[in-house]
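The values are calculated or read from the model by the stated rules, or taken from the named source; none is laboratory data. On a predicted model such as this, the values are computed, not experimentally measured, just so you know. Cβ atoms come from the backbone with ideal geometry, glycine included; neighbour counts cover every protein chain shown.
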Amino acid sequence: MSADLALATQNLKRRGFLDLDVDPTLDLAAEINRLKKERNAVILAHYYQESEIQDIADYIGDSLGLSQQAASTDADIIVFAGVHFMAETAKMLSPQKKVLLPDLKAGCSLADSCPAPVFAKFKEKYPDHVVVSYINCTAELKTLTDICCTSTNARHIIDSIPEDQPIIFAPDVNLGRWLVKETGRDMVLWNGSCMVHEIFSHEKVTKLKIAHPKAAFIAHPECEAHILDMADHVGSTSSLLRFTRESEYQEFIVATEPGILHQMELASPDKTFYPAPPNNTCACNECPHMKRNTMEKLYLCMKYEQPEIILPEWVIEKGVKSIDRMLEISARAGL
Ligand code: SF4
């Protein structure tokens, strides 16, 4: 091991990634493809990743699709181009495989808004409740969860629970409120939220709608209720992508992380997409956690097979049950 690599490995925990220089003349896409074959690795990428990472991935999808892929892949190594809780989910579903994340500090404000020890105390107040957690939560929170859900299958998961069974929904209060409205179930909600989806500006979206009167306004259910109330279609990233492909509309105002626009433009090159504006002075609403992953970090993590996701065995054994239940219900619903 070179001195530089030894130092980068030593600093991995503090930096989150292998802080090594990458030759700027290197064809990173070609190198990553070579490493993929050499290591029998698969790259799973979330829709919110940079477009160049999406273009090199073996599978691009939302949380449900990514978990299904992680559960079924026969690769030896799963390289997760996404955030920490997603890589943890992959590790829980495929504990015998090596799971790599290009930057361990690619976290999630929503997952962080529900620390497991605090939630455990909260849960004690509702001993007869079933806990449904959005998959955007830590591995430890999954050990306190009965059934996970994603925005694609959340409604099916809630509907699968007997009507007289009370439910706690965590951690996203906006998705929870939307589900209460959609399903008519009165759930106890944990008050967490996503920093990207809670900053859309009602006023700026209204102005954009006036400027583009023929555009459909589509939104992810992690957005606040006042934004969802304005939407022509509400759904998961996969559902939003499908809507733009299949609907007659030619223009769309999109209220979710703008990384998804890359797949929308590829699927419908003749249609026009406008990212919904945030209510701050910054012009973009990109997820800073998702965007910590770069082609350089992806290349380095595949070359040196670190940083790796390591979880205690008890967390995997206990937490995976909530994900397995979700996958079973999703499969029964044909999702
Ligand atoms: S967009 Fe929101 S929910 Fe998704 S990873 Fe970023 S902070 Fe978490």
Considering residues that are surrounded by fewer than 16 Cβ atoms within 10 Å (Cβ to Cβ) and either touching a Phe, Trp or Tyr at 6+ places or on another chain (Cβ under 8 Å) or farther than 30 Å from Ile32 by Cβ (or both), the number found within segment 292-320 is 4
Those residues of segment 171-230 that are β-branched (Val, Ile, Thr) and within 22 Å of Cys287 (Cβ to Cβ) come to a total of 6
In the set Val118, Val131, Val22, the lone residue that is touching a strand residue (DSSP E or B) at 6+ places or on another chain (Cβ under 8 Å) and either within 20 Å of Leu300 (Cα to Cα) or not assigned by TED's automatic domain parsing to the domain that holds Glu296 (or both) is Val131
Condition set in contact (Cβ under 8 Å) with a residue 40 or more places away in the chain and in a strand (DSSP E or B), scope segment 273-304, selection nearest to Ala8 (Cα to Cα): answer is Pro278
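Answer yes if at least one residue in segment 270-280 is surrounded by 16 or more Cβ atoms within 10 Å (Cβ to Cβ) and within 19 Å of His84 (Cα to Cα), and no otherwise.
So in segment 270-280, the residues surrounded by 16 or more Cβ atoms within 10 Å (Cβ to Cβ) come out as 271, 273-278.
Of the ones still in play, those that are also within 19 Å of His84 (Cα to Cα) are none.
No - not one qualifying residue is present in segment 270-280.
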Restricting segment 82-111 to residues that are assigned to a loop (DSSP other than H, G, I, E, B) and of a type in the set (Gly, Ala, Ser), the one farthest from the ligand (Cβ to nearest atom) turns out to be Ser94
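In this structure, does Lys142 turn out to be over 22 Å from Ala87 (Cβ atoms), charged (D, E, K, R) and not assigned by TED's automatic domain parsing to the domain that holds Leu241? Spell out the reasoning first.
Values: over 22 Å from Ala87 (Cβ atoms): no; charged (D, E, K, R): yes; not assigned by TED's automatic domain parsing to the domain that holds Leu241: yes.
Judged against the criteria, Lys142 is not a match.
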Filter segment 222-248 for residues that are within 16 Å of the ligand (Cβ to nearest atom) and polar (S, T, N, Q); the one that is surrounded by the most Cβ atoms within 10 Å (Cβ to Cβ) is Thr237
By residue number, the members of segment 169-207 that are modelled with pLDDT of 95 or more, out of contact with any Leu (no Cβ under 8 Å at 6 or more places or on another chain) and part of a strand (DSSP E or B) are Val188, Leu189
